[in-house]
Amino acid sequence: MQRPPLFESDSFIYCKNRFETYVKSKDLDLWHVITNGDFQPIEQNPETKLDEVIPFEKQSDELKRRLAKDNEAKMVIYNALRRKEYERIFMCNTAKEIWKTLLITHQGNSQVKDNKIDHLVQQYEQFVISEDESIDSAFARFNTIITSLKALYEGYSSKNYVRKFLRTLHPKWRAKVTMIEESKDLTSLSLDELIGNLKVHEMIIKKDSEIVKAKGERRSLALKAKKESSDEECSTSGSEDEEYAMAVRDFKKLFKRRGRFMRQPQNDKNTYQRSRDDKNVKGERLCFRCGDPNHLIGECPKPQRDKNQRAFVGGSWSDSGEEDDEKIKDETCLVA
């Protein structure tokens, strides 16, 4: 007989189901011995109507073969256990005792089993599928719960599984759920068929989302390029304005510099001003004797006036003949 699958303590439910399937596929009598116990060489006495043990020498070959099933079942269990697990069941005498010990060790007694069932039922009732979760991921979580319930001999009907999974889908699936409820008979719809239908719709949604996303990216790239172009134009315009401002500043500096170079020297300016002032003063001076602006009194060709002669003072001839020479001298000094 081929060696059965090994037990793993951290995944006992998975190993238990594999082991059960393996034993049943080989011999149903072996599984009967493991779960219900060894066959007993007992038969009813026709006279006393009581069950009596058949002596070995009176046992038929068929009965002996069936009685050997217990040892065969024990060997199958031994081959499926590691050394550490074997030490747990070393003191057990029958295959039934070995199997019961393994169940209590890894699944617990009836109280522990009930607690596990309550915990799994709570997980089943609170099961929710998020918006971004895929159908495969959600079904994997859901299947772990219902498989664990089945392993503990507790579970729901297939119809309940289908309805529960549909109710836990995100609201974005509402249209699809409504269509399934209207077009399918949920009493005959299997969970696998439902999952396949939802996965097809999920692929369509994903494809449409990628198309919309690609359009959004293209639009974003176009807006980005337009913005960069606008920024470049603004930068170019700003550079041109800056260059123009720099040119104006340079021109102003040059203009100021040229104006400073073309300005008349200070000495020449002073000479020009003095000559101009001299002309003005000279043009305003008059001879006190004759009133001629072309010469002064010292150069006057006319003879000196007497005391009764009028003097030209302040641009007019004086009518007073009684003014003395001191007054004339004062006026002359004042004009000068």
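Computed from the coordinates by the stated procedures, all read-outs in this text should not be read as laboratory data. All of these numbers come straight from a predicted model, not from anything done at the bench. Cβ: placed from backbone, ideal geometry, glycine included. Neighbour counts: every protein chain shown.
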Selection of trypsin sites (Lys or Arg not before Pro), segment 26-132, meeting DSSP coil and at most 12 other Cβ within 10 Å: Lys49, Arg82
Inter-label distance for Gln111 and Ser137, nm, one decimal - labels placed 7 Å from Cα along Cα-to-Cβ: 4.0
Cβ-Cβ FRET estimate between Asn71 and Asp51, R0 fixed at 30 Å, reported to 0.05: 0.85
Segment 172-195 and segment 78-100: distance between their alpha carbon centers, rounded to Å: 46
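Could you sort out which of Lys24/Lys113; Lys24/Lys69; Lys24/Lys96 sit more than 22 Å apart by Cα distance in this structure?
On the way: Lys24/Lys113 24 Å; Lys24/Lys69 13 Å; Lys24/Lys96 15 Å.
Beyond 22 Å between Cα atoms: Lys24/Lys113.
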Percentage relative contact order, segment 110-204, counting C-alpha pairs under 8 Å, at least six apart: 35
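Determine the alpha carbon to alpha carbon distance for each of Lys184/Lys215; Lys172/Lys207; Lys172/Lys213; Lys159/Lys206 and list only those over 24 Å.
Going by Cα-Cα distance, Lys184/Lys215; Lys159/Lys206 fall outside the 24 Å limit.
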Segment 1-136, relative contact order in percent, only Cα pairs under 8 angstrom and at least six apart counted: 25
Net charge over other residues, Cβ less than 11 angstrom from the Cβ of Asn143 (K, R count +1; D, E count -1): 0
Residues Lys150 and Arg218, FRET efficiency given R0 of 51 Å [Cβ-Cβ distance, rounded to 0.05]: 0.50
Built amide H within the under 5 Å cut-off of Phe288, gap 5+: Ile297
Spin-label model distance (nm) - Val200 vs Gln122, 7 Å beyond Cα toward Cβ: 4.0
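If a/c stays under 1.5 just call it rounded; otherwise compare a/b with b/c (prolate if a/b is bigger, oblate if not). Do that for segment 110-204, with a ≥ b ≥ c from the square roots of the Cα gyration tensor eigenvalues.
The shape class here is prolate.
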Residue-wise HN-Hα coupling along segment 76-81, computed from phi with Karplus coefficients 6.51, -1.76, 1.60 (Hz; x: Gly, Pro): 4, 5, 4, 5, 8, 9
Label zone at Lys24 (point 7 Å along Cα-to-Cβ), backbone N below 17 Å, segment 37-79: 37
Radius 15 Å from Cβ of Ala214, net charge of other residues (Lys, Arg +1; Asp, Glu -1): +3
